[in-house]
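Comments concern the structure below.
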C-alpha cells in the first residue's frame, strides 16, 4: 500500500517546498547545543548527588574485592609453589627413609644369617665332639667287653691246658696280668 497515495499529492508538494526553503543539508543551532549540554551537565550533577555516594561505595567495594582477589590469587600461587616444594622434599625424605630401612633390613638379615651360620657351626662342633666322646666311650666299652671275653676264653683254654680247675680269684689274677701285659705290648707297639 502506498502511503504517499493516501496523504495525497498536494501535501507532498508542501513538504518538498519547505525542504527547499530551509536549504539543503544539516544545520547546527548553537543555542540548542548549549542548552542540551547544560541539561546533560545538570543531569550528571543531580545523578552524582543522588547516586554518587552509593556508586562510589560500590566501586570502592568492588575495587577492594578485586585487590583482595588478586592478593588471594598471588597467595594461592605462592602456597601452591610451596606445597610443590614441600611435596618434593617429603618424597625425597620418604625415599631416603625407605633406602635406610632397606639397608638396615639387609644388614639385620646378614647379621641373622651370620649368627645362624655360627650357631649351626657351633652345634655341628658340639655334635662332633659328642659323637667323638660317644665313639670313644663305645670303644672303651667294646675293649672292656672284648677283654672280658678274652679272659673267659683264656680261662677256658688254660683250664683245658692245665687240666685242673683253678679258683676264681687265681683265674682272675692270671687273666688281669695277661691283659695288662698284652695292653702294655700293644700300647708300645701301637699308640692310640
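The values are calculated or read from the model by the stated rules, or taken from the named source; none is laboratory data. Keep in mind it's a predicted model, so treat the numbers as computed, not measured. All Cβ positions, even for glycine, are placed from backbone atoms using ideal geometry, and neighbour counts span all protein chains on display.
Quick look at the values:
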item: Flag for residue 147 being at pLDDT below 95 and either in contact with a helix residue (DSSP H, G or I) (Cβ under 6 Å, 6 or more places away or on another chain) or not in a helix (DSSP H, G or I) (or both); result: yes
item: Failed criterion for residue 139 (all others in (1) under 30 Å from residue 184 (Cα atoms); (2) loosely packed, with under 10 Cβ neighbours inside 10 Å hold); result: (2)
item: Residue under evaluation residue 54, criteria (1) over 14 Å from the mean Cα position of the chain (by Cα); (2) surrounded by 10 or more Cβ atoms within 10 Å (Cβ to Cβ), criterion not met; result: (2)
